[in-house]
Amino acid sequence: MDNPSSSGLTLAELAKRLGAHLDGNGERVVTGLATLEDAGPDDVTFLANKAYLKYLADTRAAAVLLHPRHVEECPTASLSLDNPYLGYAELSRLFDPLAARDKPGIHPTAVVDGSARLAEGVQVGPNAVIEEGVRLDAGVIVGPGSVIGADSVIGESSRLHANVTVYHGVTVGKRAILHSGCVIGGDGFGFAHDGGSWHKIAQLGGVIIGDDVEVGSCSSIDRGALGDTVIDDDVKIDSQVQIAHNVHIGEHSALAGCVGIAGSTKVGRHCMLGGGVGLSGHLTICDGVQVTGMSIVTNSIHEPGVYSSGTGAMDNALWRKNAVRFKQLDEIAKRLTQLEKAYRQS
Amino acid sequence: MDNPSSSGLTLAELAKRLGAHLDGNGERVVTGLATLEDAGPDDVTFLANKAYLKYLADTRAAAVLLHPRHVEECPTASLSLDNPYLGYAELSRLFDPLAARDKPGIHPTAVVDGSARLAEGVQVGPNAVIEEGVRLDAGVIVGPGSVIGADSVIGESSRLHANVTVYHGVTVGKRAILHSGCVIGGDGFGFAHDGGSWHKIAQLGGVIIGDDVEVGSCSSIDRGALGDTVIDDDVKIDSQVQIAHNVHIGEHSALAGCVGIAGSTKVGRHCMLGGGVGLSGHLTICDGVQVTGMSIVTNSIHEPGVYSSGTGAMDNALWRKNAVRFKQLDEIAKRLTQLEKAYRQS
Amino acid sequence: MDNPSSSGLTLAELAKRLGAHLDGNGERVVTGLATLEDAGPDDVTFLANKAYLKYLADTRAAAVLLHPRHVEECPTASLSLDNPYLGYAELSRLFDPLAARDKPGIHPTAVVDGSARLAEGVQVGPNAVIEEGVRLDAGVIVGPGSVIGADSVIGESSRLHANVTVYHGVTVGKRAILHSGCVIGGDGFGFAHDGGSWHKIAQLGGVIIGDDVEVGSCSSIDRGALGDTVIDDDVKIDSQVQIAHNVHIGEHSALAGCVGIAGSTKVGRHCMLGGGVGLSGHLTICDGVQVTGMSIVTNSIHEPGVYSSGTGAMDNALWRKNAVRFKQLDEIAKRLTQLEKAYRQS
């Protein structure tokens, strides 16, 4: 696809691509995408959150993507559709300059084992390393310095940014995006104890990642001990996330930054884990569970819903007093019960 | 060692290697290791946790590694020994295909400084970089894209996976395993303040890592400010862990994923820190301390035992009410005391 | 600058460089820097914290950097100045061997795009990759295996250690230090939901990093969705930190290890976030806010001060009882109110 940020797109074309209703001059060309506040006269913008409605009247944009209910208030051309945030997502991809930079082919400094099978249109960047038996499907992009271990498979149109590491025996589906510094298939944390020392349990399983999965920068997905760690289709994983061995994440679930999931835990479909959430090992979290930021979950969850732990932040002086009382909480509760009892009997 | 996953091992051979008592046909060959549920007729399996006892009767495995007390219930050949989990650890290493792939030698794309001393059998992967004065002892493996800084020493039989970074002046012992993306010897976080701006304190110490240490993917162990950060023998560190400058971790301790330890804290021997645990700086944690997941420790611990902080997860609506009350906790406690006093006087 | 750890510096020279008052023999040469306890007769040391005053009398150091108030107690030469910790910072940089190892020039295995503009004195290490349109200003050092994406700019005298990744369209100011494994400019975590699946929002913004910024190992700073993620001058970021898209960190703020900041949050100037602190998205944190370790902040903060959340660690048996009571806390508070009311009416 041409990069519209140079050549531009007409509003008529945009309306067609987004399935939106255009109210305005279809021949007007836009060359960029910006927020309501920042957009200039060559930009398209969007309104997807009523908190920003206050900026609509004064926008300088050529056109605004919005819900039909706001068309009348729009001071310029409008592209209306039912889910403008989804429309914005599509719009953002139209204006992404990244694809325009891709140059299929194997860079001469890349080290590709002779037994690797690279499909058409594959791009392997400078100083990348592709080990024996690897299979890269059509359109795969491997960034500079990335390493793909023996016998791993990367599905069609997946993109590994620079300095990604995929160990041996890992399978990644189609259209995956793996960000720099992430590591897929490192050893799970498995040791037997003899009463004095630790003895390593070789991690013989692999990692299976479905289609349309994204993994953020510097995240770790460990390989299984026996059997695989499994990330299902359309799972989105942010940066600095740790997924231990034999974890299973169900389709369409999203894990925000700094989440940690201990070994063998199963997370259902359509779950959302907030930033810094920790799940203990060997749990089952059912579909449709949302856990708020920095909560710890130590028991399985069998009902969809929103779950939380911890306390909110407060002034440190007040917090110190309350935190001391927390250590007395069981005693406080017992004293209350005793007093209630005494009062009732008096 | 041959990779038994291709050539196989007889049960008699396995019994001998594990020091187990065989009950069954010693000439039967097994070619793989799997769980009780998944094992096929060419696999050996193990029972090390009574939660899985229910799968024993129906296993299709050729042989089961288990405790002598379960031999009678075993429907197939048994390999019995006192610590079957430890036996499983040994078994797992017998079936690890990784070693079979190693190819000692220096890859032509590796950049090895002329002053580096590489012992026999060393393997340096594609695009790895070995700086001046580095010493790699016998059998060291440096994965693709890994970088070892000036004057660092890597002990016998240690393995650095792909894209590991070891700064200058770091010493790693024997049989270490450093996973991809981990960084050993980055600067500690040290700055002096002049009332307005920060002034960097150059981190002049190093990192000393003992024998049999494992460091997970994307973990950081910072170098000392003055003097060294020290990780003693047989310490096991999971992924996404942060160890600050001048920390000292005692022998046989284990740190689960996402642990963070602030500067100059000393952790004793045989300690276990659960996932996401945080230790403040300048603490002393005695031997034999266990801290449960996501707890924060802000004071030194002088008694072995299990320690925790935080609250468990609950339904968000209930949590919101309780979290509000936490902010009133000191006041609640005082009101209770007052009421008790009033009641006693009445 | 010569590396004084080989050639040494006279005390007179040191006094001059530090602006300190020397009491002792100006011609004495020191070749190293160590702590009060560890310093030998060729070392200089410092006293900046009264907890170490007890070591002063027995130090073997050639000279001690200290506050004028301690000159009389000093058993050897003294270098006195008002902020000895700041003096120590300067001293540490004088004794840093790192600079002595730099070798300006482009290593033959580095891959530098023909369109990149490299100023004088730039150093690009083995197997580093510099993409098209990149600009490296005077004295920039790019470590082995580091990758700098298209059109990014690295300011004067900045140092990227080994295996750093900078995406396309990132601007880094002067004298920055980026540690190994850190990733600048990965995609923010942005997706639109259609009721079933996630749709990626291309992250079209960049990252702008000011002067004198340090980023620790394995930290992530994501690019903006639209508009930029901004890190102002003199911000210090430790290891394992996650900074999401469109975050803004004000000048002179410091973020300790494992901090996570969600999207679009603005942190003021002179803020200090303790290890493992989490900030929710779309918050405003005013200047001069300090948040203690592992606290979560879910609301904006408009008053400078110290803030905390959570509970301190305690013995696990006691903690279990108290954590159960936390789930009843709202109920406990209501029972207390009821009892107070009943008592008042009786």
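Rule-based calculations on the coordinates, nothing more; no lab input. This is a predicted model, so every value here is computed, not measured. Heads up, the Cβs are rebuilt from the backbone with ideal geometry, glycines too, and the neighbour counts pull from every protein chain shown.
About the Cα centre of segment B:225-346, how large is the charge dipole given +1 on each Lys and Arg Cβ and -1 on each Asp and Glu Cβ? Please answer in debye to the nearest 20. Walk me through the numbers before you get to the answer.
On the way: 11 positive and 12 negative charges, 205 e Å.
With only Lys, Arg, Asp and Glu charged at Cβ, the dipole is about 980 debye.
Using a Gaussian network model on chain A with a 10 Å cutoff between Cα atoms, which of A:Leu318, A:Leu33, A:Leu226 fluctuates the most?
Largest GNM mean-square fluctuation: A:Leu318.
Among A:Gly224, A:Gly260, A:Gly32, determine the one that fluctuates most according to a GNM of chain A built with springs between C-alpha atoms less than 10 Å apart.
Per the Cα network of chain A with a 10 Å cutoff, A:Gly32 tops the list.
Can you tell me the order of B:182-191, C:165-174 when each peptide is scored by its average per-residue count of other Cβ atoms within 10 angstrom, highest first? Mind showing how you got there, number by number?
On the way: B:182-191: 26.7, C:165-174: 24.5.
Order by mean packing, descending: B:182-191, C:165-174.
Using a label position 7 Å from Cα in the Cα→Cβ direction, what is the ascending list of nm distances from B:Arg69 to the same site in the other copies?
Computed spacing set for this position: 6.5, 6.5 nm.
With a 10 Å cut-off between alpha carbons and a GNM built on chain C, which of C:Gly125, C:Gly195, C:Gly263 moves the most?
Checking each option, the largest mean-square fluctuation is seen for C:Gly195.
Please give the calculated 222 nm ellipticity per residue for chain B, where each DSSP H segment of at least 4 residues contributes -39500 (n - 2.57) and the sum is spread over every residue; nearest 500 deg cm²/dmol?
About -4500 deg cm²/dmol.
Run the reach check for C:Lys54 against aspartates and glutamates, Cα to Cα strictly under 17 Å, same-chain hits fewer than 8 apart removed. What comes back?
The qualifying aspartates and glutamates are C:Glu37, C:Asp38, C:Glu72, C:Glu73.
Compute the Cα gyration tensor for segment A:292-343, then decide on rounded, prolate or oblate, letting a ≥ b ≥ c be the square roots of its eigenvalues: rounded whenever a/c is under 1.5, prolate when a/b is larger than b/c in the other cases, and oblate in all that remain. Please list the in-between numbers first.
Values: a/c = 3.17, a/b = 1.38, b/c = 2.30.
Oblate, because a/c is 1.5 or more while a/b does not exceed b/c.
Could you name the lysines whose alpha carbon sits less than 23 Å from that of A:Lys200, not counting residues in the same chain fewer than 8 places away?
A:Lys200 reaches B:Lys16, B:Lys50, B:Lys103, B:Lys174, B:Lys236.
Only loop residues by DSSP count here, and only those with at most 12 other Cβ atoms within 10 Å; note down the GluC sites (Glu not before Pro) in segment B:13-82 that meet that.
On the way: sites: B:Glu13, B:Glu27, B:Glu37, B:Glu72, B:Glu73; in loops: B:Glu27, B:Glu37.
Here the sparse-neighbourhood loop sites are B:Glu27.
Could you tell me what percent of the DSSP beta bridges with both partners in segment A:1-77 are antiparallel, to the nearest 5? Don't skip to the end; give the middle numbers.
Details: 2 of 8 bridges.
Beta bridges within segment A:1-77, antiparallel portion: roughly 25 percent.
Please average, across the residues of A:122-131, the number of beta carbons from any other chain that are within 10 Å of each residue's own beta carbon, and give a whole number.
On the way: counts 0, 0, 0, 4, 12, 14, 5, 11, 2, 5.
Counting other chains' Cβ atoms within 10 Å and averaging over A:122-131 gives 5.
Over segment A:105-307, what is the relative contact order in percent, taking alpha-carbon pairs closer than 8 angstrom and at least six residues apart? Write out the running numbers ahead of the final one.
Numbers: 729 pairs, mean separation 20.4, N = 203.
Result for segment A:105-307 is 10 percent.
Please say if the protein assembly as shown is rounded, prolate or oblate, where rounded means a/c under 1.5 for a ≥ b ≥ c the square roots of the C-alpha gyration tensor eigenvalues, and otherwise the choice is prolate for a/b larger than b/c and oblate otherwise?
On the way: a/c = 1.02, a/b = 1.01, b/c = 1.00.
Because its axes are fairly even, with a/c under 1.5, the protein assembly as shown counts as rounded.
State, as an integer percentage, the relative contact order of chain B based on alpha-carbon contacts under 8 Å between residues 6 or more apart. Working shown, then result.
Numbers: 951 pairs, mean separation 22.1, N = 346.
Result for chain B is 6 percent.
Could you calculate the FRET efficiency of C:Glu27 with B:His282 from 1/(1 + (r/R0)^6), where r is the beta carbon distance between them and R0 is 56 Å, rounded to 0.05? Write out the running numbers ahead of the final one.
On the way: r = 38 Å, r/R0 = 0.67.
For C:Glu27 and B:His282, the calculated efficiency is 0.90.
Distance from the Cα centre of segment A:182-214 to that of segment C:62-88, in angstrom?
So the separation of the two Cα centres works out to 51 Å.
For segment B:238-281 and segment A:16-56, what is the separation of their Cα centres, given in Å?
Rounded to whole Å, the Cα centres lie 50 Å apart.
Once the label point is placed 7 Å from Cα along Cβ, list for A:Glu303 the distances to the corresponding points in the other copies, in nm, shortest first.
Nearest first, the other copies' label points are 3.8, 3.8 nm away.
Enumerate the lysines that A:Lys321 could reach by cross-link, defined here as Cα to Cα under 23 Å, with residues fewer than 8 away along the same chain left out.
Excluding near neighbours in sequence, the set is A:Lys334, B:Lys321, B:Lys327, B:Lys334, B:Lys341, C:Lys321, C:Lys327, C:Lys334.
With unit charges on the beta carbon (Lys/Arg positive, Asp/Glu negative), name the residue among C:Gly288, C:Asn316, C:Gly276 whose Cα is farthest towards the positive pole of the charge dipole of segment C:270-332.
C:Asn316
Can you tell me the dipole magnitude for segment B:4-99 around its Cα centre, using point charges on the Cβ only (Lys, Arg +1; Asp, Glu -1), in Debye to the nearest 20? Show your work: numbers first, answer last.
On the way: 8 positive and 13 negative charges, 32 e Å.
Dipole about the Cα centre, nearest 20: 160 debye.
Looking at the square roots a ≥ b ≥ c of the eigenvalues of the Cα gyration tensor of segment B:4-99, which shape do they give, rounded for a/c under 1.5, prolate if a/b is larger than b/c, or oblate?
Details: a/c = 1.39, a/b = 1.34, b/c = 1.03.
It comes out rounded by the Cα gyration axes.
Kindly work out what percent of the DSSP beta bridges joining two residues of chain C are antiparallel, to the nearest 5. Before the final figure, lay out the partial values.
Numbers: 8 of 76 bridges.
If I count the DSSP bridges inside chain C, around 10 percent turn out antiparallel.
Once you keep just the Cα pairs under 8 angstrom separated by 6 or more residues, what percentage relative contact order results for segment C:4-99?
So the answer I get is 27 percent.
So if I place +1 on the C-beta of Lys and Arg and -1 on the C-beta of Asp and Glu, and nothing else carries charge, what would the dipole magnitude of segment C:97-148 be about its Cα centre? I want it in debye, nearest 20. It would help to have the intermediate numbers written out before the result.
Values: 4 positive and 6 negative charges, 35 e Å.
Dipole magnitude for segment C:97-148 comes out near 160 debye.
How many nanometers, to one decimal and shortest first, lie between the label point of A:Ser346 and those of its other copies, if labels sit 7 Å from Cα toward Cβ?
Values, ascending and in nm: 0.5, 0.5.
So which trypsin sites (Lys or Arg not before Pro) in segment B:46-102 are both in a DSSP loop and have at most 16 other Cβ atoms within 10 Å of their Cβ?
Passing sites in segment B:46-102 are B:Arg60.
How many Cβ atoms of partner chains, on average, are near each residue of A:252-261 if near means within 10 Å of its Cβ?
Numbers: counts 4, 1, 4, 1, 8, 13, 14, 3, 11, 3.
So the per-residue partner count for this stretch is 6.
For segment C:106-307, give the share of DSSP beta bridges that are antiparallel, in percent and rounded to the nearest 5; count only bridges with both residues there. Don't skip to the answer; put the middle values down first.
Details: 3 of 61 bridges.
For segment C:106-307, the DSSP antiparallel bridge percentage is about 5.
Quick one: Debye curve from the alpha-carbon atoms of segment B:113-163 only, equal weights, vacuum; give me log10 I(q)/I(0) at q = 0.12, 0.21, 0.25 Å⁻¹ to two decimals.
Calculated log10 I(q)/I(0) at the listed q: -0.19, -0.61, -0.88.
Ignore the peptide's own chain and count Cβ atoms of other chains within 10 Å of each Cβ in C:222-232; give me the average, rounded.
Details: counts 6, 0, 0, 3, 12, 4, 0, 0, 0, 0, 0.
Rounded to a whole number, the mean comes out at 2.
For chain B, what is the Kirkwood estimate of the hydrodynamic radius, computed as the reciprocal of the mean inverse distance between distinct Cα atoms, to one decimal in Å?
On the way: mean 1/r = 0.0424 Å⁻¹.
Taking the inverse mean of 1/r over all distinct Cα pairs, chain B comes out at 23.6 Å.
With just the Cα atoms defining each centre, how far is segment C:300-343 from segment B:289-311? Give it in Å.
Segment C:300-343 and segment B:289-311 have Cα centres spaced 19 Å from each other.
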